[in-house]
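First the structure, in the form of structure tokens, and then the observations on it.
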Amino acid sequence: MVIDEDLVVGNNLLELFVPFIESLIKDELAIKTIKNHMANLMLLGEEIIRMLNDDDEDNRKLMPKKLLLEYI
């Protein structure tokens, strides 16, 4: 986190990631598999926030789902 706004973006992205993780748990995947997916989501969130801070400040105004889709 570089600025306080990063926390807001991170929390908004987390709200999008939670249903995915819940579906992995519901599907009874191995703990290691779930942890691997969670680690990858964390990296994705970190990368989105890094890009916002580097040169995409305008995208910070996007809704979380549109922000996620912008970068993937």
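The values are calculated or read from the model by the stated rules, or taken from the named source; none is laboratory data. What you see is a predicted model, and the numbers here were worked out from it, not measured in a lab. So basically every Cβ, Gly included, is an ideal-geometry build from the backbone, and we count neighbours across all protein chains shown. Heads up: the accessible areas ignore ligands, DNA and RNA and are worked out on the full protein's heavy atoms, side chains in. Shrake-Rupley method; radii C 1.70, N 1.55, O 1.52, S 1.80 Å.
Compared with the dominant Cα axis of the chain, that is its longest principal axis, helix 4-26 is turned about 20°. A simple count of charges around Lys66, restricted to other residues whose Cβ falls under 14 Å of its Cβ and scoring Lys, Arg +1 and Asp, Glu -1, yields -1.
Each label point was placed 7 Å from the Cα along the Cα-to-Cβ direction; for Glu28 and Leu16 their separation is 3.2 nm. Other residues within the sphere of radius under 15 Å centred on the Cβ of Pro19, judged by their own Cβ, net out at -1 (K and R +1, D and E -1). Accessible surface calculations at 1.4 Å, restricted to protein heavy atoms, place the chain at 75 Å² per residue.
Taking the chain as a Gaussian network, Cα atoms linked when under 10 Å apart, which of Ile25, Ile34, Ile49 shows the biggest mean-square fluctuation? Among Ile25, Ile34, Ile49, the largest GNM mean-square fluctuation belongs to Ile25. Across the chain, the relative contact order, built from alpha-carbon pairs under 8 Å that are at least six residues apart, equals 42 percent.
Panel values: the chain, Kirkwood radius from alpha carbon pairs, Stokes-Einstein at 10 °C and 1.306 mPa s, translational diffusion coefficient 123 µm²/s.
Across the accessible surface of region 1-44, with the other protein chains kept in place and a 1.4 Å probe, carbon and sulfur atoms take up 63 percent. Shown here for the chain: GluC sites (Glu not before Pro) in loop regions (DSSP other than H, G, I, E, B) with at most 16 other Cβ atoms within 10 Å, namely Glu28.
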